[in-house]
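In what follows, a single structure is set out as structure tokens and then discussed.
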Amino acid sequence: MIGKLKKNRIWSLAVYVEDSDFSFDRSLGQPAFVLDSRRKRAHGHVHTYADPFLFPHGDELYLFYESQAVGEHGRIQAKRATDLVNFELIGEVLREPFHLSFPFVFADKGDIYLMPETLATGEVALYRFEDFPHGLKKVRVLLHGSYKDSSLIKHDGIWYFFTTSNDGLELFYTEDLREGPLIPHRKNPLTSDLRYRQCGGSPIVLHNKLYRIAQDGSGEYGRNISVLEITELSRTQYEERVVADNYFDLKHSWNHRGGHHLSIAEFKGKTVIAVDGKQDDLWINKLLSPIFNYIMPLFGRKRERNG
């Protein structure tokens, strides 16, 4: 979740391609490409590329992410690649009259789903692709309430659903994601610690171990991520341990102020990693920001009247 600009910080995303298996013990090297939002602002300027999720589908690798322009709500866009060199822009795959972020994409029983964050609506909605990667249709509301950055994983035949409420990190489970109720875990909230209470991507299975990525919200939003190994997961028990804090090396211009998301996928014998990063906006944009904050809503109201 990004929403409004915080302290004139902007968000970009990067994709890494590695020949070897992924390891949390090894730092990321140089990205294959960076989608950088730092440039002189103009009408329609995108200040946020964030929450990237990778999704392999046949001979193509898809990258879904939040894109937000000045004065507009966040929307979900996508890119795709076949060679891990050229990522083609598909464009917008979902826009709503409210803010969208955290586009968690997954497959189940031959269908492909998108579960974005829709905090402004007070619900967590599940969408299905009718014609992947297009044709999204809302199929059900999974939860009612104010929940952030939701993701899930199927473990031992049960769907486990991670999300964050005002109380902290919460866990739900169900046997039937399409029609069954989501049952709250008896250990909720799992944690209220600002370093670990909000997920920074989907759960990851790596070398037969299950990991959770947490965004560190202590001190400042989007400060870094932590990696936690889930050592016990069932309908009655949950345990995790911290593997690494401050995983990101904040050494690039596009992420020197932080990062809060990580996604991993195997594709054509390569390991692909997508992350986001936070940096300072250009000084001219900071100077003009109050003007844009006043003008851009006027453009929106004008479009509504002319629509």
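The values are calculated or read from the model by the stated rules, or taken from the named source; none is laboratory data. Being a predicted model, the structure only gives us computed values, none of them experimental. Because the Cβ atoms are built from the backbone with ideal geometry, glycine has one as well, and the counts that use them run over all protein chains shown. Accessible surface areas use protein heavy atoms only, side chains included; no ligands, DNA or RNA. Shrake-Rupley method; radii C 1.70, N 1.55, O 1.52, S 1.80 Å.
Scanning the range 242-255 for residues that are more than 14 Å from Gly200 (Cβ to Cβ) and loosely packed, with under 14 Cβ neighbours inside 10 Å gives Asp249, Lys251, Ser253. The set of residues in the range 149-163 being surrounded by fewer than 19 Cβ atoms within 10 Å (Cβ to Cβ) and closer than 20 Å to Leu94 by Cβ is empty. Looking only at residues that are polar (S, T, N, Q) and closer than 27 Å to Ser150 by Cβ in the range 28-70, which one is modelled with the lowest pLDDT? Per the criteria, the residue is Ser37.
Within the range 69-90, being open to solvent by less than 10 Å² (accessible area, probe 1.4 Å) and either among the charged types (D, E, K, R) or in a strand (DSSP E or B) (or both) holds for Ala69, Ile76, Ala78, Ala81.
Every residue in the range 86-132 that is over 22 Å from Ile204 (Cα atoms), aliphatic (A, V, I, L, M) and touching a Phe, Trp or Tyr at 6+ places or on another chain (Cβ under 9 Å), please. Hits for the range 86-132 are Ile90, Val93, Leu94, Leu119, Ala120. Of the strands (runs of 3 or more DSSP E) lying entirely inside the range 97-181, the ones with 3 or more residues being over 17 Å from Leu54 (Cα atoms) are found at 123-131, 134-144, 148-155, 158-165, 168-174.
Mind listing just one residue for me: the one in the range 36-59 that is closer than 30 Å to Glu229 by Cβ and in contact with an Asp or Glu (Cβ under 9 Å, 6 or more places away or on another chain) and, of those, most open to solvent (accessible area, probe 1.4 Å)? Looking at residues that are closer than 30 Å to Glu229 by Cβ and in contact with an Asp or Glu (Cβ under 9 Å, 6 or more places away or on another chain), I get Pro56. If you take the residues in the range 92-109 that are open to solvent by 10 Å² or more (accessible area, probe 1.4 Å) and either at positive phi or touching a helix residue (DSSP H, G or I) at 6+ places or on another chain (Cβ under 6 Å) (or both), which one is modelled with the lowest pLDDT? In this case the residue turns out to be Lys109.
Is there a residue being β-branched (Val, Ile, Thr) and closer than 30 Å to Val85 by Cβ anywhere in the range 255-266? Yes - at least one qualifying residue is present in the range 255-266.
Return the pair list, or none, for Cβ contacts closer than 9 Å from residues in the range 268-285 that are over 17 Å from Leu35 (Cβ atoms) and open to solvent by less than 10 Å² (accessible area, probe 1.4 Å) to residues that are at pLDDT below 95 and assigned to a helix (DSSP H, G or I), at least 6 apart or on different chains. Listed by first residue and then by second, the contacts come to Asn285/Phe292.
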